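Asker: Let me give you the structure first, and then I'll get to my questions.
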Amino acid sequence: MKMILALLCATVMPCAFAVPAWDKVSLEAAEKFLRVNAEGVAADIHQAEQFPDGARGFYIETLPPLRAYTPKAGESGEDQMLEQTVCGAQLMVVAKAGDSVSALTSRNASILTRTEFEIVEVVRARAGLQVGPRVSVVRVGGEVVDQGVRLRVVEERGGALVSGQTYWLALVQPKDSASQDFFLSGDPVPVRAGRIEPWSGRWEKFRSGEAYAAVKEEVRRVSRRQQCGE
């Protein structure tokens, strides 16, 4: 029976993995980590302005954290920045996006979306981290219908994660998190035909169109450095 189902899955259906539904514990944990309405003063999204199609909501721009480096002989600033990103991520993978599910945050301040990814390749995993075949990733943004009103939060730095598209992901997971969700450390990077295609035109020191294999090798080289010791 399992063999028959596997054949059906491969030849008839796309077989996207079901994304875990939101619950109160995981939603509160995600809000805390992402600092959604941390001051408790955000307006109810139901009162936001309308998009041209009638949905209510707003645009956001999640900026990467400010970083600095100390000049070192024989090491460029770009190399040091890459080292910070690689060593700061608990998990770096290439993974295929599956289904997503969105939810309103508390006090209707914003929207969070959880996307289930099927891992294609683990590029780096922090020592002791157990990595399964799939990973759930949460980011701010998405669309829901609540009280008959379509609500939307749009991330301006990049498009929505597309089911079936493969991405390079640098991920973190809070030590005290009550859920199994991971969060993005930097922008997700689409990977097509063996090459990276960052939304901004570059990821770290790598430009759009560079071979994924070369990026992976450089990241692994950095992760082996003493500064990346766990």
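What follows draws every value from the coordinates through simple rules; no lab data is involved. Everything quoted here is computed from the prediction, not taken from an experiment. Cβ placement follows ideal geometry from the backbone for every residue including glycine, while neighbour counts extend to all protein chains displayed.
Asker: Please state, rounded to one decimal and in Å, the Kirkwood hydrodynamic radius that segment 80-156 gives when every pair of distinct Cα atoms enters the mean of 1/r.
Answerer: 14.5
Asker: Report the one residue of Ala127, Ser110, Gly54 whose Cα lies farthest in the direction of the positive end of the charge dipole of segment 51-159 (charges on C-beta: Lys and Arg +1, Asp and Glu -1; origin at the Cα centre).
Answerer: Ser110
Asker: Normalising by the residue count of segment 14-228, find the relative contact order in percent from Cα pairs under 8 Å and 6+ residues apart.
Answerer: Numbers: 398 pairs, mean separation 48.5, N = 215.
The normalised contact order for segment 14-228 reaches 23 percent.
Asker: Before rounding to the nearest 500, sum -39500 (n - 2.57) across all DSSP H runs of length at least 4 in the chain and divide by the residue total; then give [θ] at 222 nm in deg cm²/dmol. List each step's numbers first, then the result.
Answerer: Numbers: 4 runs with 45 residues, N = 230.
My calculation for the chain gives -6000 deg cm²/dmol from helical runs alone.
Asker: Give me P(r) over segment 107-230, computed from all C-alpha to C-alpha distances, binned every 5 Å, as integer percentages.
Answerer: Percent of pairs per bin, in order: 2, 8, 17, 20, 20, 16, 9, 4, 2, 1, 0.
Asker: Compute the length gained on full extension between Lys72 and Arg195: take 0.36 nm times their separation in residues and subtract their Cα-Cα distance, giving the result in nm to one decimal.
Answerer: On the way: separation 123, 0.36 × 123 = 44.28 nm, distance 3.03 nm.
Here the segment from Lys72 to Arg195 would lengthen by 41.2 nm.
Asker: Related question: Mind checking which of Val145, Val154, Val137 has the largest fluctuation in a GNM of the chain, springs on alpha carbons under 10 Å?
Answerer: Evaluated over the chain, the most mobile residue of the options is Val145.
Asker: Assuming R0 = 30 Å, can you tell me the calculated FRET efficiency for the pair Ala18 and Arg202, based on Cβ-Cβ distance, to the nearest 0.05?
Answerer: Details: r = 34 Å, r/R0 = 1.15.
So, using R0 = 30 Å, E works out to roughly 0.30.
Asker: Give the share of C-alpha pairs in each 10 angstrom bin for segment 14-228, from 0 to the last occupied bin, in whole percents, shortest bins first.
Answerer: For segment 14-228, the binned pair fractions read 7, 32, 35, 20, 6, 1, 0 percent.
Asker: Please give the contour-minus-distance gain from Arg35 to Glu156: 0.36 nm per residue of separation, less the Cα-Cα distance, rounded to one decimal in nm. It would help to have the intermediate numbers written out before the result.
Answerer: Numbers: separation 121, 0.36 × 121 = 43.56 nm, distance 1.80 nm.
Using 0.36 nm per residue and subtracting the Cα-Cα distance, I get 41.8 nm.
Asker: Hey, can you rank 80-93, 210-223 by average C-beta count inside 10 Å, highest first?
Answerer: Numbers: 80-93: 19.4, 210-223: 16.2.
Listed from highest to lowest mean packing, they are 80-93, 210-223.
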